[in-house]
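What follows is a single structure, written as structure tokens, with notes after it.
The values are calculated or read from the model by the stated rules, or taken from the named source; none is laboratory data. What you see is a predicted model; the values in this text were computed from it and never measured. Counting neighbours? That spans all protein chains shown, and the Cβs are built from the backbone with ideal geometry, glycine included. Calculation scope for accessible area: heavy atoms of the full protein, side chains included, ligands and nucleic acids excluded. Shrake-Rupley method; radii C 1.70, N 1.55, O 1.52, S 1.80 Å.
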Amino acid sequence: MKQGTRPTRRQKIAIKEAGLILENWLVERDTSKEMVVVHKYTNEQRRISKGT
């Protein structure tokens, strides 16, 4: 698993809209179709799909 990075402003908005607490998540990868975020403490992964 890759290391997560701090989200950009656009990514922060998407994480918050997905109903997640922003402070607990890091971005693992961000493609044109989805963004994969990883929880800082439990290493749980979530996929946030983009509208396109």
*What number of residues within segment 1-16 are of a type in the set (A, V, I, L, M, F, W, C), touching a residue at least 24 places away in the same chain (Cβ under 8 Å) and out of contact with any Phe, Trp or Tyr (no Cβ under 7 Å at 6 or more places or on another chain)?*
2
*asked:* Residues that are surrounded by 10 or more Cβ atoms within 10 Å (Cβ to Cβ), among the β-branched types (Val, Ile, Thr) and not in a strand (DSSP E or B): does segment 45-52 have at least one?
replied: no
_Subset of segment 17-44 [open to solvent by 60 Å² or more (accessible area, probe 1.4 Å), in contact (Cβ under 8 Å) with a residue 24 or more places away in the chain and either out of contact with any helix residue (DSSP H, G or I) (no Cβ under 8 Å at 6 or more places or on another chain) or hydrophobic (A, V, I, L, M, F, W, C) (or both)]_ = ARG29, ASN43
*Does segment 2-31 hold any residues that are in a loop (DSSP other than H, G, I, E, B) and more than 16 Å from SER49 (Cα to Cα), and which are they?*
LYS2, GLN3, GLY4, ARG6, THR8, ILE21
